[in-house]
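The values are calculated or read from the model by the stated rules, or taken from the named source; none is laboratory data. Bear in mind that the values here come from a model prediction, so they are computed numbers and not experimental data. Positions of Cβ are backbone-derived with ideal geometry, glycine not excepted, and every protein chain shown enters the neighbour counts. When the accessible area is computed, the model is the full protein with side chains, heavy atoms only, and any ligands, DNA or RNA have been set aside. Shrake-Rupley method; radii C 1.70, N 1.55, O 1.52, S 1.80 Å.
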Amino acid sequence: MDTRRGALAVPKVRRVGFFTSIEPPPESSQRPNRSQSGPVEATTSSSPLSNSPSGNLISPVLIPPSRHHSDNLTTRVAAAAPVPVPGPAAFRRYLAQDRSLLHVGSYNPPDSLLGTSTPSSNGEFSEDSASLFGFQRSDSTKLSASFPNGGFDLTLAVRAPQESETKIATASASEGKKKIAKVSGKSESVTTKPQKEKEQKALKDKTTKAERRAIQEAQRAAKAAAKGEGSRRADESGRANPGKATKKPQPKKERLPVTSSVSEKTAVAVEKEKRMDVPQTLMQYDDRSRVDKAKRRAVVEQTESKNKVELFLHLPQYERGNQLPNLSSNFFTLDSIHHAVYKVGLQHLAGDISGDNARCIAMLQAFQEAIEDYITPPMKDLTMDLTTKINGYVSFLIECRPLSMSMGNAIRFLKNQIRKLPVNLSESEAKISLCSDIGRFIDEKIILADKAIVQHAVTKIRDGEVLLTYGFSCVVEMILLYAHEIGKKFRVVIVDSRPNLEGQKLLRRLVTRGLDCTYTHINAISYIMREATRVFLGASSIFSNGTLYARVGTACIAMVANAFSVPVIVCCEAYKFHERVLLDSICSNELGDPDAVANIPSFRTNAKHSKTINNNKNLQFLNLMYDSTPSEYISMIVSDYGMIPPTSIPVIVREYRREHLLL
Amino acid sequence: MWRRSPSFILDERRSSNSPPMADTTRGPFQNSDSISAYYQTRAAHHGVITSDWLAQAQAAVGGVSGEEQSLSSDNQLGTEKSFNVIEEFNNWRKQPDLAEAVAAIRALAAVIRASEASTMMELEIELKKASDTLKSWDKTSISLTAGCDLFIRYVTRTSALEYEDFNSAKSRLLERAEKFGEISCKARRIIAMLSQDFIFDGCTILVHGLSRVVLEILKTAAQNNKLFRVLCTEGRPDGTGVLLSSELSKLDIPVKLLLDSAVAYSMDEVDMVFFGADGVVESGGIINMMGTYQIALVAHSMNKPVYVAAESYKFARLYPLDQKDMAPALRPIEFGVKIPTKVEVERSARDYTPPQYLTLLFTDLGVLSPSVVSDELIQLYL
């Protein structure tokens, strides 16, 4: 671990605030140092990853310690195939002596099949790598899942490009060292040479890691340079090319039926359940190794945006919209993703569905459809396989657009429902029960909850009041319309903000129904707040400490309202309550399209202006989607459980979490 | 609040042109029915009698009795039964030490006892009807409403419905009803015991309003040989402070009477502030006698702890957002001089104190921070 100490010796100066993302000289010089510690992490984490794709698709961060894995491994291998296996002690000795030797192990049941299929299909599929992402992802995960010893590529599976990893994984699984050499020799790509070198060096000693790292760094730097130069389109193609060169898709045929026994499965299930109980940690997108890993699994090809703000590097930074044509062309070659889910994913990506409730309902309905069409593969357990499938869908949806908190809750509900299915249920019965459960969730937790909220909130509207609302929230819209229907006399002030201008939608709907409205932008909030007597806000989520997580700008409204001592009423369904605690809006947020912020109509007309804006290294655009409002600015939360103070969120979460999950 | 909007001021003028006219004709003191029953009960209990009030009371009694008769006749028409909740309730209410809510609980228990229903459902409906009658008798009393609701919750939320035999189920309900009545009666003692830890020797306590719980607390403290001083606000217009100070002086507790307007002046010598409560609302705030809010504000700004003593049957599922967001309890106010008819008089008898100005609540459930009230309410009602 001397490498780690070396990394620590050079302190990393973290600059806070907004600055350009050009590679700074001190960092680049320090990179190799850091990289040494990188692979170690990667190796330890990569192995369990492949053991349970389902658990990791969502949270690649939760990883059991590696020793645990190695212990399991031997037993599992023994269970899988009666091949002579070195005992755990011997295994550990291997580990201690030389990690790089590990992949030599030749005790693998699916030997022959793999060996024959690999080279031939390679050629077939290497043509259109872009469209193959779907296959690739599913293959690699399934492949690694099907191999109990998928994690054998301990040292080689480090942050190398995908090709090297998958290939070596299969190779090591199928044959010995020689075979690796042969396979890599066969592949015609440019990377063959470094690949060979790497291998040889890997066998020699640990320092090779650093060198391999260096090669990767060089490749990445080249990529970055290519990206930096051209316009977006150019940069896209630039990205695609290295992708094509480096990434060799795994052919379909390699997907093998699982040969493992039932007992092993249950063990895995128990482990998975344990892992599911642990609260999920958020993926940090400034953690390179994990991002790379996630990207290898990705269905959607994401273009990293060139516009990065230092403070928000941990959030997914992808450009929006440009993946869409690519994805929609893939629509008919779907494999792992059900078409309904795919459709919803595309809708999320394109922004056709917005609003938390709408997104959640669309997702659940897509799952419903997917479950209806689901057929349990032979030799598989419905509970296990369906959970894996759902995990796949969820990770696809995440790639399209980060999930909202409420969607996370809904998914948790669904998985719990799957897990709790009685064993003696037939497949069709199970499917029917799951579908009805989902339907019930939509009805009770979203639609009926909204009605209950409307009933509660209307009692707080008196005649002659001025209600202020921000942006667009469907619950608030329902409240206003209902209050108008039952004959309350009030006026509405709609506050809106760029770039989404969602308030216009609300304005249009209210005005057509004959409500008295005032429309203004958030800039005028301190003026208009004088008139307001109540502020009604929607929510994306409310956390245990009462923090409101909602459309960016909400915090500003709430604070101004508080300063004017106008009561702030938040309308939020109870299924959006989250047991986590949120202190700021930096840790957890979503980045929108930065161009939307940059795109100011008056600026666009002036060519000179647009030029200075587009290619300015000192300028970043930050388009945050959410912000958090501390609980002291909230007077009341209206949920389906009645009107409660923000301090009571943990009570609801505590009392009803179980019921939530049980429904 | 909406008057702050200039446009609405205009609207208000236009729309409210007629109401002031009506007001002048009616006069603030002439209509007895605008004085809330809640206030009448209070006055009767505390024996607050002013010259004006006497006249008002006479008129009010006539009005209320008439109302009562109509109610009871309604009852008789509906059920053809001699039993009347209101009568029962009024009987209980005559005991000076019995809180209104406890009287209501006793009355409701009597309803169960006298019921001739033969099924659980019937009994429940009867109980519901009785509690609705009680609640409509005085809509402004929070503790009455809350007490009735809590009783119904407490009684019907049992496994009684699982008993096959109706009579055993009914006796079980009665048992629970008795138990609930007992708990409510003991509540004051429990609170007095709990609060003893907070009163230390040599402290000065500011008290506003005449609360039987607070009086019990102070009595207990005096019995425990604690040395403390009490400042009583005058409590216009009922003179609650005068009554309390005379009670305390009987117990040999050093007591000083203040004008209501002298609270901020004497706040620096105060160590803690004690309030009773008419109702504890879901946010953890309290609804109490007029003046509580401003004293709490003063205490908060001077960093003095504010303690509220309230029995748990006063917990109500209300959530006022501001002062005007609740049913007003009106009362007559005597100024001693003649007020011109054009002058409006604020006659509301109570205000709402938001939870951020309260330190702790002493209840029979324990010493709670304001945010726990909602916790308890959620567990009770949902």
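Per residue of peptide A:458-466, the mean number of Cβ atoms on other chains within 10 Å of the residue Cβ is 3.
Between residue B:247 and residue B:271, take the C-beta separation as r, use R0 = 35 Å, and let me know the FRET efficiency to the nearest 0.05. That gives a FRET efficiency of 0.95.
Shielding by partners for peptide A:645-656, expressed as the average number of C-beta atoms from other protein chains within 10 Å of each residue's C-beta, is 5.
Calculate the FRET efficiency for residue A:583 and residue B:200 from the Cβ-Cβ distance with a Förster distance of 30 Å, rounded to the nearest 0.05.
Numbers: r = 37 Å, r/R0 = 1.23.
FRET efficiency, residue A:583 to residue B:200: 0.25.
Could you look at the stretch B:85-187 and say what percent of its accessible area is carbon and sulfur, using a 1.4 Å probe and all protein chains?
Working: 2400 of 4790 Å².
Ligands and nucleic acids excluded, carbon and sulfur give 50 percent.
Rolling a 1.4 Å probe over the protein heavy atoms gives the stretch B:85-187 an accessible area of 46 Å² per residue.
Legend: calculated FRET efficiency, residue A:310 to residue B:87, from the Cβ-Cβ distance at R0 = 60 Å, rounded to 0.05, equals 0.20.
Between residue B:223 and residue B:95, what length comes free when the chain is fully extended (0.36 nm per residue of separation minus the Cα-Cα distance, one decimal in nm)?
Numbers: separation 128, 0.36 × 128 = 46.08 nm, distance 2.43 nm.
Difference between extended and current length: 43.6 nm.
Among the listed pairs B:135/B:179; A:460/B:324; A:343/A:415, those whose Cα-Cα separation exceeds 18 Å are B:135/B:179; A:343/A:415.
Let a ≥ b ≥ c be the square roots of the eigenvalues of the Cα gyration tensor of the stretch B:90-146; is it rounded (a/c under 1.5), or, if not, prolate (a/b larger than b/c) or oblate? List each step's numbers first, then the result.
Values: a/c = 2.98, a/b = 1.64, b/c = 1.82.
Oblate.
Descending by average beta-carbon neighbour count within 10 Å, the peptides A:349-356, B:289-296 line up as B:289-296, A:349-356, the highest first. Between residue A:489 and residue A:527, the simple label model (points 7 Å from Cα in the Cβ direction) yields a spacing of 2.7 nm. Taking amide H atoms as placed 1.01 Å from N in the peptide plane, the amide H of residue A:628 lies under 5 Å from those of A:585, each 5 or more residues away in sequence or on another chain.
For the stretch A:435-515, just say rounded, prolate or oblate: build the C-alpha gyration tensor, square-root its eigenvalues into a ≥ b ≥ c, call rounded for a/c under 1.5, and beyond that prolate if a/b exceeds b/c, oblate if not.
On the way: a/c = 2.50, a/b = 1.38, b/c = 1.81.
Oblate, because a/c is 1.5 or more while a/b does not exceed b/c.
Computed extension gain for residue A:354 through residue A:419, at 0.36 nm per residue and net of the alpha carbon distance, reaches 20.4 nm. A simple spin-label model places the labels of residue B:186 and residue B:129 3.4 nm from each other, with each point 7 Å out along Cα-to-Cβ.
Calculate the mean, over all residues of peptide B:369-379, of how many other protein chain Cβ atoms lie within 10 angstrom of the residue's Cβ. Mind dumping the intermediate values first?
Details: counts 1, 2, 7, 3, 3, 10, 9, 1, 4, 9, 2.
Partner-chain Cβ atoms within 10 Å, mean over residues of B:369-379: 5.
The B-A contact accounts for approximately 2000 Å² of buried accessible area, totalled over both chains at a 1.4 Å probe radius. Annotation for residue B:341 and residue B:120: the two label points, set 7 Å from Cα along the Cα-Cβ direction, are 6.1 nm apart. Sequence-ordered 3J(HN,Hα) estimates for the stretch B:281-286 from the Karplus curve with 6.51, -1.76 and 1.60 and θ = phi - 60° stand at 9, 4, 5, x, x, 10 Hz, glycine and proline given as x.
Dipole check for the stretch B:85-187: with +1 at the C-beta of Lys and Arg, -1 at the C-beta of Asp and Glu, and the Cα centre as origin, the magnitude is about 320 Debye.
Peptides A:446-453, A:565-572, A:370-377 ranked from most to least packed by the mean count of surrounding Cβ atoms within 10 Å: A:565-572, A:446-453, A:370-377.
Mind running the shape call on the stretch B:264-371? Use the C-alpha gyration tensor, a ≥ b ≥ c as the square roots of the eigenvalues: rounded below 1.5 for a/c, prolate if a/b tops b/c, oblate otherwise. Write out the running numbers ahead of the final one.
On the way: a/c = 2.34, a/b = 1.42, b/c = 1.65.
Since a/c reaches 1.5 but b/c is at least a/b, the shape of the stretch B:264-371 is classed as oblate.
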